[in-house]
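Below: the structure, in C-alpha cells.
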Amino acid sequence: MSSNEEAQVAQRRANLDAIMALGCAPYPNQFPLRDTVSALVDAHGTVDGPALEASRIETVTAGRILSIRNFGKASFFVLSDGRSRIQVYIRQDALSEQAYALSRLLDFGDQIGVTGHLFRTRTNELSIWATDLTFLAKCFIPLPEKWHGLQDVETRYRQRYLDLIVNPDVRRVFEIRSRTVSAIREVLTGEGFLEVETPMMQPIAGGALARPFVTHHNALDMTLYLRIAPELYLKRLTVGGIERVFEINRNFRNEGISTQHNPEFTMLEFYWAYVDCERLMAFTETMLSRVAQQVVGSDEVTFGEHRISLRAPFRRLSLRHAAAEEASRRLGVTVTVDELRSLDSALALAARLGIPVPPGIGPGKVATEIFEALWEDQLIQPTFIHDFPTEVSPLSKQRPDDPDTVERFELYIGGFEVANAFSELNDPVEQRRRFEAQLADRARGDAEAHAMDEDYIRALEYGMPPAGGEGIGIDRLVMILSNSSSIRDVILFPLMRSRD
RNA sequence: GGGCCCGUAGCUCAACUGGCAGAGCAGCAGACUCUUAAUCUGUUGGUUGAAGGUUCGAUUCCUUCCGGGCUCACCA
C-alpha cells in the first residue's frame, strides 16, 4: 500500500464489502425515482419553508454524492444529478437501522437513491429529509477536491467525466452547444430547408482547401478520405432538386491543432437555390441574432474582455478596399485597390508592410494575406469580409462586373472566422478551369489545393440552379456564445496525444 | 513544425541563492442530531513526469525524451 490513492481505493472497496454485508445490492439494475434532482430544484427552489411543510412534498430521487458533512448521528449530503444540486439531511432517528448503517459507509462520489420529503433547514437550504437510502454504485477513486475543483486542463480534457462531475460550468457550455444546434435546426427547417447526411468517407476529398485524413476500405480495396467538407455532395443535391438543403456534421482536416482548430470539427453547411451571397448576409444576421436570443437570451454576449453584439446589421468590409485603406493609414501614403490586383505591386506592398508571403502565389492570395495581417485581430464585432479574389475561391461565382472578384464573404466574430459563404459557381466549364488551376497549384507542391472531381462537374453539366451556400463553424460559434477561449472547451473529447 | 512556459501526495498549491520534500482539502481514528469550504483533536500518504549529467549534496542547474498550455504559421 505505497500510495495514498491505493489506500483510499482499498478503503472504498472495504466500504462496498460492508455495504453488501448489510444486504444491499452492489450494482442494482434500476432505481424507480419519482423526480430528478433538477426537477425538484426547478419546481421548489423558490418555495419557502412554511409552504414546503404545509404541502409535505414526498419524493424519491437519485444522484451522486458531492460532499458529506458529518455531525455524529446526523449528516448532510450534497446530491447532484449532473445539472442541479440538492442537500440531503440524514438523521439516525429518521432512518431504519440498515439505511443509517448504509449512510455511514457512503463515500464522496457514490451514487445513491434518496426517499424523503422536502423542507428547508434553519439556514434556509432546500433539503430532503431522508427516510430511506438506496445504494446504487460505488465511487472507488477519490474525486478531485470540492473547493478548487479540477484545474489541470490535460486531465479535464482526457477525463471529461471528472470535469463534468466537479466543475459545474462545463455542463453549462455543453448545454449552450446543444441549444445552439437545436436553434439553428429550427431556423433552417422553418425556412423550408431539408436536413441531410452526406458521405464522411469520400474517394475525393473536396469542397475545401485542406489536407485530408486517409483511410482504406478492405473489401473494395479502395483508398478513402475522411471528408474535409460536405460541399460538393450538398451541391449535387441542389442539382437533384433539393433547393434548400443543410447538413450539420463533422469535418476532418489533417492540420495543426490550436485554440481555434481541432482535427475534427462540426460544421453547418446550407445551400439555398435562387439566392446570392447578398441574401445570405442578411439571412446570417437574422439567424445568428435569433440563435443567440434563444440560446443565451440576448443578442449581446460577453467574450473575454469584449462585449459582442450580434444584432443586425453587421459591419461589412470589402477585402481589397479595406486592405488598401489600412495599408494607406499605416504607411502614410495613398495605396490604391489596383496596387493589390497586380502581382508585382502587391508583393511590393506586402514587403513595405513587413508582411511575409509564401513564394509562388498570385496577386489575389497576396491581397488576402495583406488583409488578414492588417485586419484579422481587429474583427471582434461581427464583420462580413466580402469581395474575395477569384484566385483564392475555386468554388465561388464571379461578380458580373469584375471577373477578378467573386461573390463571397467570410464572417469574423471575436477575432476569428466563423462563417464562409458565396454565390455558388454552377458553370461546369468555368468550374473545370478552376479545378485545373488548382491542379497546377498542387503540382507546384500545394498539398491543400483542390483535386479534380469529374463527377461533380458532370453534375453541374445537368444544370445546377443559381444558389448561395454557406458554412458556419459550430464549435467557433459556440465559443462565442459560451465565452470559451479555446475550441477544446466546447468539444467534449478534444483530440489529445495518446499516453504511453 | 518554430518560440515561450508548465509537470511536486488522490485534488489545489508551497519549498529563498543547490542543503532533511511541506500545507490545505480528501482519507483514517475520535467528539458532535440544522451544517454548507462545518468545527475540534490525533494521524496515514512522495520513484518531485522519465532517463542521463554536473555536484559532497539536485524539486532546484544542464542535456535528451514524454505529456500539456500559450503563441506563430494554416484554416472553419
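The values are calculated or read from the model by the stated rules, or taken from the named source; none is laboratory data. These numbers were taken from a predicted model, which means no experiment stands behind them. Because the Cβ atoms are built from the backbone with ideal geometry, glycine has one as well, and the counts that use them run over all protein chains shown. All accessible areas refer to the heavy atoms of the entire protein, side chains included, with ligands and DNA or RNA removed. Shrake-Rupley method; radii C 1.70, N 1.55, O 1.52, S 1.80 Å.
So here's what we get for this one:
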{"quantity": "Peptides ranked, highest mean first, by Cβ atoms within 10 Å: ranges A:412-425, A:51-64", "calculated": "A:412-425, A:51-64"}
{"quantity": "Three-way shape call for the range A:371-500 based on the alpha-carbon gyration tensor, with the a/c threshold at 1.5", "calculated": "prolate"}
{"quantity": "Of the DSSP H helices in chain A, those whose Cα atoms cover at least 27 Å axially and whose Kyte score averages -1.0 or more", "calculated": "A:168-190, A:277-296"}
{"quantity": "Prolate/oblate/rounded call for the range A:255-340, Cα gyration tensor, a/c under 1.5 rounded", "calculated": "prolate"}
{"quantity": "Value at 222 nm in deg cm²/dmol, rounded to 500, when DSSP H runs of n ≥ 4 in chain A each add -39,500 (n - 2.57)", "calculated": "-11000 deg cm²/dmol"}
{"quantity": "Neighbourhood charge, 14 Å Cβ-Cβ cut-off, centred on A:P32 and excluding it, Lys, Arg +1 and Asp, Glu -1", "calculated": "-2"}
{"quantity": "Kirkwood-type radius of chain A, with distances r between different C-alpha atoms, in Å", "calculated": "26.6 Å"}
{"quantity": "Stokes-Einstein translational diffusion, the range A:151-196 - Kirkwood Rh over all Cα pairs, 0.890 mPa s, 25 °C, in µm²/s", "calculated": "196 µm²/s"}
{"quantity": "Formal net charge of residues neighbouring A:V153 (Cβ-Cβ distance under 13 Å; K, R +1; D, E -1)", "calculated": "0"}
{"quantity": "Approximate spin-label separation A:S258-A:F493, in nm, with each point projected 7 Å along Cα-to-Cβ", "calculated": "2.7 nm"}
{"quantity": "Surface share of carbon and sulfur [accessible, 1.4 angstrom probe, percent] for chain A", "calculated": "51 percent"}
{"quantity": "Calculated Rg and Dmax of the range A:19-139 using C-alpha coordinates, Å", "calculated": "13.5, 41"}
{"quantity": "Solvent exposure, largest accessible area first (probe 1.4 Å, DNA, RNA and ligands not counted), of A:Y225, A:Y274, A:Y100", "calculated": "A:Y274, A:Y225, A:Y100"}
{"quantity": "Bins of 5 Å from zero: percent of alpha-carbon pairs in the range A:248-303", "calculated": "4, 14, 15, 16, 20, 21, 9, 1"}
{"quantity": "Directionally averaged projected area (convex hull, Cα atoms, the range A:149-235), nm²", "calculated": "9.0 nm²"}
{"quantity": "Calculated FRET value between A:A451 and A:E300, using beta carbons and R₀ = 51 Å, to 0.05", "calculated": "0.75"}
{"quantity": "Potential lengthening between A:E278 and A:Q378 on full extension [0.36 nm per residue; Cα-Cα distance subtracted]", "calculated": "33.7 nm"}
{"quantity": "FRET efficiency for A:N29 and A:H217, using Cβ-Cβ distance with R0 set to 35 Å, rounded to 0.05", "calculated": "0.30"}
{"quantity": "Set of lysines with alpha-carbon distance to A:K138 below 23 Å, sequence-local pairs under 8 removed", "calculated": "A:K73, A:K146"}
{"quantity": "Whole-angstrom gap from the range A:414-457 to the range A:342-369, using each part's C-alpha centre", "calculated": "21 Å"}
{"quantity": "Only Lys, Arg (+1) and Asp, Glu (-1) charged, at Cβ; chain A dipole about Cα centre in debye", "calculated": "1560 debye"}
{"quantity": "Cα-based reach from A:K397 at 26 Å (exclusive), listing lysines while leaving out same-chain residues under 8 positions away", "calculated": "A:K235, A:K365"}
{"quantity": "Percent antiparallel among DSSP beta bridges (both partners in chain A, rounded to 5)", "calculated": "90 percent"}
{"quantity": "Kirkwood Rh in Å, taken over the range A:37-102 so that all alpha-carbon pairs contribute", "calculated": "13.2 Å"}
{"quantity": "Accessible surface, 1.4 Å probe, highest first, among residues A:K365, A:K146, A:K235", "calculated": "A:K146, A:K365, A:K235"}
{"quantity": "Most to least accessible of A:E285, A:E454 (protein chains only, probe 1.4 Å)", "calculated": "A:E454, A:E285"}
{"quantity": "Separation of alpha-carbon centers, the range A:263-303 and the range A:11-39, rounded to whole Å", "calculated": "46 Å"}
{"quantity": "Residue-normalised accessible area of chain A, given per residue in Å² at a 1.4 Å probe", "calculated": "47 Å²"}
